[in-house]
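Step one of this worksheet: look at the structure below.
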Amino acid sequence: MKPFTGNTRMFHPGLRTTRNSREDRSAPRTGRQDRAKGTDVATIRDVARAAGVSIATVSRVYNNQTLVNPQTAQHILKIAGDLDYVPNPAARSLTTRRTHTFGVLLPDLFGEFYSELIRGIDLIAHRNGFQILLSSFFRNSEDLVMTSKAMLGRIDGVIMMATDERSINTAAKVRKKVPVVLLNPCKMIEGCHAVAVDNVRGAKDAVSHLIGLGHRNIAMVAGPEENIDARDRLTGFRQGLTEAGLDPGAALVVPGDFRELAGYKAGATILRHKPRPTAVFAANDGMAIGLLASLREWGFGVPDDIAVVGFDDVALAGFMNPPLTTVHVDASGLGGHAVEMMLEVLAGGADSETRRIVLSPSLKIRQSCGTLDPAQLVRRPLMEPRPSNRDDATPRLQGEEEVQP
């Protein structure tokens, strides 16, 4: 049979596949083609040939094995650097059975708290040679299941915030496939490490601070009921009142969802309440910031007319007017501890003992509470809001267009 002499991209015994049939077929070809750039990319075979060693030796160097002489390893790494060689992660994972990648599943990616949390995870992961795959599930159980399934096979483990029952149930299923480290879990899962914040203590500290300033009528803007952080902060709020001899059942608790708008809308409810609270504890800084905007719109001063305390200590809190007193949570440290736990699990395998770390928050005192005795506060009448067509008669934020019915 006559050999094919046309397009040399077709394979035939004795013929080398080239990019151009006019090229010198006797010239050795190195590298794999980068289709995006149309250039050759150095392969492990090229590094081994240039260094005068076997492919297996190069592989051992990049897999951090100690079987290679240090001088030989340095020589190989120098050659690889000269050739701009980058190990193929897919091939490497087949050899090591590791992808050097963590999955990170969070209920949301919006807001400064999550930004700091992700920064802490990414910092420690990169420091240890790992990448992260990040996704959110927006409080939707279907998204959570689909996202976790999509990650399996591409990751060595999952770091997951599991503050409610449905996320715990999904984490338990994922745990059967890969290691899982939980963030602020509503309950522990056998075989899973966890890192949590002592939300109860943080809330109690905030309430104790307000009581120490003389406040007795303290309201709270709470978080979503299904969220363990919100429930713990509400528990701490009530415990703080009880320990001071106050009736927690008599305290105004306005429901919220950790969003700024919830705090903003809570302002009208708090100001209309009889007797009007002299201080408010918001379950997170987002709602506290929204509350500050609402109080300002209604013409009430902070802390002259009403004191406000938040929770989380996001970066923006210190730049509010007035600067917000809040409970500081080391969100970056929370993420960093989770990565360190995951590294322990991967190093120790199934024998790694399950642990739970609880981080203690601290009160960051600024100017939104003041130092006056509540008896000295100006008892202003409730001002009428700006004209609005809203059913709840709440004032509009600056720049917000009024929607006509």
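The values are calculated or read from the model by the stated rules, or taken from the named source; none is laboratory data. These numbers were taken from a predicted model, which means no experiment stands behind them. Counting neighbours? That spans all protein chains shown, and the Cβs are built from the backbone with ideal geometry, glycine included.
For segment 271-291, the criterion of a residue being more than 23 Å from Val197 (Cβ to Cβ), aliphatic (A, V, I, L, M) and surrounded by fewer than 24 Cβ atoms within 10 Å (Cβ to Cβ) is satisfied by at least one position.
Mind listing whichever residues of segment 231-271 are over 27 Å from Trp298 (Cα atoms) and hydrophobic (A, V, I, L, M, F, W, C)? Correct list: Leu241, Ala244, Leu246. Within segment 218-229, residues that are closer than 17 Å to Asp108 by Cβ reach partners that are outside any loop (DSSP other than H, G, I, E, B) and not acidic (Asp, Glu) with beta carbons closer than 6 Å, at six or more positions or on different chains, in the pairs Gly223/Ala230; Pro224/Ala230; Asp229/Asn199.
In this structure, Lys265 qualifies as in a helix (DSSP H, G or I) and of a type outside the set (Gly, Ala, Ser). Of the residues that sit in segment 104-137 and are of a type in the set (Gly, Ala, Ser) and under 17 Å from Val314 (Cβ atoms), which one is surrounded by the most Cβ atoms within 10 Å (Cβ to Cβ)? So the residue we want is Gly120.
Has segment 190-200 got at least one residue that is among the charged types (D, E, K, R), modelled with pLDDT under 95 and touching a Ser or Thr at 6+ places or on another chain (Cβ under 8 Å)? Looking for residues that are among the charged types (D, E, K, R), modelled with pLDDT under 95 and touching a Ser or Thr at 6+ places or on another chain (Cβ under 8 Å), one finds at least one in segment 190-200, hence yes. Within segment 293-317, if we keep just the residues that are out of contact with any Leu (no Cβ under 7 Å at 6 or more places or on another chain) and part of a helix (DSSP H, G or I), the residue that is nearest to Ala262 (Cα to Cα) turns out to be Ser294. For segment 147-158, state whether one or more residues are crowded, with 19+ Cβ neighbours inside 10 Å, among the polar types (S, T, N, Q) and within 20 Å of Ala125 (Cα to Cα). Yes: segment 147-158 contains one or more residues that are crowded, with 19+ Cβ neighbours inside 10 Å, among the polar types (S, T, N, Q) and within 20 Å of Ala125 (Cα to Cα).
Within segment 228-259, the set of residues being more than 13 Å from Ala203 (Cβ to Cβ), surrounded by 21 or more Cβ atoms within 10 Å (Cβ to Cβ) and not hydrophobic (A, V, I, L, M, F, W, C) comprises Gly256 only.
Of all residues in segment 166-204, those that are of a type in the set (Val, Ile, Thr) and either part of a helix (DSSP H, G or I) or in contact with a Phe, Trp or Tyr (Cβ under 8 Å, 6 or more places away or on another chain) (or both) total 4. Is it the case that segment 205-214 has a residue that's within 28 Å of Leu106 (Cα to Cα), at pLDDT 95 or above and outside any loop (DSSP other than H, G, I, E, B)? Scanning segment 205-214, I find at least one residue that is within 28 Å of Leu106 (Cα to Cα), at pLDDT 95 or above and outside any loop (DSSP other than H, G, I, E, B), so the answer is yes. Candidates in segment 68-90 are the residues that are within 30 Å of Met151 (Cα to Cα) and in contact with a helix residue (DSSP H, G or I) (Cβ under 8 Å, 6 or more places away or on another chain); of these, the one that is modelled with the highest pLDDT is Tyr85.
Pairs linking a residue in segment 119-134 that is of a type outside the set (D, E, K, R) to a residue that is assigned to a loop (DSSP other than H, G, I, E, B) and crowded, with 20+ Cβ neighbours inside 10 Å, with Cβ atoms under 7 Å and 6 or more positions apart or on different chains, are Leu133/Ile155. The condition of being out of contact with any Cys (no Cβ under 8 Å at 6 or more places or on another chain) and either farther than 24 Å from Pro322 by Cβ or in a strand (DSSP E or B) (or both) holds for only one of Phe281, Phe237, that being Phe281. Can you find a residue in segment 92-100 that is loosely packed, with under 13 Cβ neighbours inside 10 Å, modelled with pLDDT under 85, within 25 Å of Val339 (Cβ to Cβ) and not β-branched (Val, Ile, Thr)? The answer is yes; a qualifying residue exists. Annotation note: Cβ proximity below 6 Å between a residue of segment 314-334 that is under 12 Å from Glu112 (Cα atoms) and without any contact (Cβ under 8 Å) to a residue 60 or more places away in the chain and a residue that is among the hydrophobic types (A, V, I, L, M, F, W, C) and part of a loop (DSSP other than H, G, I, E, B) (sequence gap 6+ or interchain) occurs for Ala317/Leu324.
Yes or no, residue by residue, for (1) at pLDDT 95 or above; (2) buried (at least 17 other Cβ atoms within 10 Å of the Cβ); (3) under 22 Å from Ile124 (Cα atoms); (4) assigned by TED's automatic domain parsing to the domain that holds Lys176:
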{"site": "Ala317", "(1), (2), (3), (4)": "yes, yes, no, no"}
{"site": "Leu343", "(1), (2), (3), (4)": "no, yes, yes, yes"}
{"site": "Gly370", "(1), (2), (3), (4)": "no, yes, no, no"}
{"site": "Pro387", "(1), (2), (3), (4)": "no, no, no, no"}
{"site": "Pro395", "(1), (2), (3), (4)": "no, yes, no, no"}
{"site": "Glu401", "(1), (2), (3), (4)": "no, no, no, no"}
